[in-house]
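Each remark here refers to the structure printed beneath this line.
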Amino acid sequence: MRLPKTTGFRLRYWLIFFCAGFLLSGPAWAQTLEITAARVQGAAWQAQHLKVVLRAHARKNASLEFLAGTLQIGKQRPWQAIQGNCVLQTQQGWSCSALHLAISGSPWGALQGTGRFQVLRSGGLGSLHFLLEGAKLGKLTLLARSAASGRWQLQTQGEVALSDWVSALHLLPAHWQSGGELAWQMHSSGASWSHISAVHFRAQLHKGQFSSPDGLQAAQNVAAQLSGDGHLQGHWQGHVQLRWDEGGILWSPWYWAAPVRPVVMESRWRQSAKSWHLERGQINWPNLGTAKFAVSEPVQGSKLDWHLQDADVALAPLFTTWIKPLLPASSFAAQALLAGHLHFSVAGNPALRSVHWDLQHGDFSTQQTSLAGVFSHGAWDANVPVEKAVFKWQSATLYHIPLGPLAVRVALHPGGFALQQPVDLHLLGGVLHFQELSGHWRGPHSGFSMQGNLQGVSMKSLTQIMHWPPFTGTIEASIPRLTYHAGTIQTSGELSAGIFGGKLRVSDLQVQNFLGVMPLLRANVSVQGLQLKPLTDAFHFGYISGVLDGNLRNLYLLNWSPEAFQGHFETVKTPGVPQKISYQAVQSITKLGGGDGISGFFQGMFLRMFNTFSYSHLGMGVDLSNGVAELSGVHPENGGFVILQGQGLPRVDIVGYNRRVSWDELLARLKTAMETGPQMHTGE
């Protein structure tokens, strides 16, 4: 018997003839029944070129063969062709054993499987039990029950290998590798076969893995479980839970390793015709912390809205796992160590909209700076003109310089912050006064700026900490507007400080990578009225009195060591200030200029008879470039350069002839000059 191959032939007629075939299984009926259809279709699906052949062999025993062409569900085509056969029995309902199934043209390639199914009906109740197993298909068990009222239940469970299914369903980009096993269970029910009212599911991943071609995304030995339920009560709602038990995941720049106890994320969910929501969500990440969350998104139109609420986290793992991977490896923050406890809430839609935080017992340290006993709390909102925040620390260091306690109150606005009132920071016996401190984080010039002054900072303490030759006295300095942007500090004015009775000025200051591993400083420096007596007293150089002016042009310091500059310093005659120099200082300057000191037995004995010598002019120039210093003096003479021009009797002149010397050699000469011989004091 053949059915008409018309496109209008409907599923219900095909089923009528198919069921009639089962009634022909007895010996009194035809031995073979064949049913064909050009197309069978339903809502959003259709199948083409169907064929069913029933052959009776003995009473209540027959064989069933079936074939089908392309199946289309929506825009998807699970296969191009399917065929199968089984042994059909009708003694107790309908059962099909020794089922063999072959599928071609599927996204998974050619598929083959074996199994069985059974259909029972009694007293208005019906059931279907289906079992299928194959190399690529995995294992599938299906149990369906229905009642005369139309209510039904469906239970399915199975196991599949992920490698083929992930690529077929396009769950990962092309050319990615994947593996692992997925076991799943699902229970659903409804009041009629056309409606589903409840669903429960659980999926377990074992030894999951994936990797991208470039190796920047990968996972290994992942064990996880996704479970949940849903109920239709006017709209869909339910509960979902994700648990991660084992394995490691790399999603560059982040890497996460499963802790000893599982990471659990769960939430209530609901979906309506207009939007979907995750509500009352909770995250528990052992050794990191806990948080609540909520997410919602309209089906059309508006943007995603999210909230992370009442998060309690440990700063050390938060920074190491989540924040540090985002930082440039060369930045100072990437080398930091953090500790403390942070409670915070954030929200966005989807860009960050608001933040509330409370930091307790925080610590921060790098090679260049450290903060201890940090406390902070405050709020920021993109839609609120002004919020307030408090920031405190108990102690701190900057390049090993100890800083005193600090408490700052700031006003936060959507684009930045500003001090509510001036602040004093105590250091080295003095005070750094912040008259103004503000920051901005929007636009191309994000950063901060400050203005203030420095008062009473001990030079003795500073030189000890920095391992410089010991100075005495204090530093007084004014700080014009200083800005920090993208790792670079620069001034819009001139820094000035009082030192050794004179004035030091720094202009065009710029420090790149200020807190990084290789900071680069550029500046122009000038000094006026520098008193040589306290300066030489500090350096064990020998006694010199007088007043010094000079400058360093185009100064470059790399990692705080000189790389290049053009420097020249010389004395200026000043009323009331004698220009005197000791024998020891003459020896030191001679060695600095490249000589071996004053030679000659009688000459040396003669000069030692005098404590000091008068001089007319003293000066020296150094141009540093590529590790080589070009030396000069107050004026040239006989192919050399005059460093010291004496006057009176006895007269001492110092002339240098070695104009080029390596910078390291020049520093060695200076060190030798400062360390050789006892310091001579004149009593002036």
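What follows draws every value from the coordinates through simple rules; no lab data is involved. Quick caveat, the model's predicted, so the values are computed rather than measured. Every residue, glycine as well, gets a Cβ built from its backbone with ideal geometry; the counts of neighbours run over all protein chains shown.
Tabulated results
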read-out	value
Set of aspartates and glutamates near K207 by C-alpha distance (under 18 Å), chain-local residues within fewer than 8 positions excluded	E159, D164, E181, D245, E246
³J(HN,Hα), Karplus 6.51/-1.76/1.60, whole Hz, each residue of the stretch 513-521, x for Gly, Pro	6, 3, 9, x, 7, 9, x, 10, 9
Segment S296-F569, extension gain: residue separation times 0.36 nm, minus the distance between their alpha carbons	91.3 nm
Estimated [θ] at 222 nm from DSSP helical runs (n ≥ 4, -39500 (n - 2.57)) normalised by residues in the chain, nearest 500	-3000 deg cm²/dmol
Sites H485 and E279, calculated FRET efficiency, Cβ-Cβ separation with R0 60 Å, nearest 0.05	0.90
Zone of H170's modelled label, taken as backbone nitrogen in the stretch 69-95 under 12 Å from a point 7 Å along Cα→Cβ	75-77
Using a Förster distance of 35 Å, the FRET efficiency for A98-S122 (Cβ separation, nearest 0.05)	0.90
R77 versus T141: modelled label distance in nm, points set 7 Å from Cα along the beta carbon direction	3.5
Cα centroid separation, the stretch 309-364 to the stretch 476-518 (Å)	30
Among 124-137, 519-532, the order from most to least packed when residues are scored by Cβ within 10 Å on average	519-532, 124-137
Inter-label distance for S616 and Q464, nm, one decimal - labels placed 7 Å from Cα along Cα-to-Cβ	4.5
In Hz, Karplus ³J(HN,Hα) per residue of the stretch 91-98 (6.51, -1.76, 1.60; θ = phi - 60°; x = Gly, Pro)	5, 10, x, 10, 9, 10, 9, 6
Stretch gain in nm, segment R442-F514, where the contour uses 0.36 nm per residue and the Cα spacing is subtracted	23.8 nm
Reachable lysines, given that their alpha-carbon falls under 20 Å from the alpha-carbon of K580 and they are not under 8 places away in the same chain	K533, K591
Percent RCO, i.e. relative contact order, over the chain, from Cα pairs under 8 Å lying at least 6 residues apart	4
Burial order of peptide ranges 109-116, 295-302 (average beta-carbon count within 10 Å, highest first)	109-116, 295-302
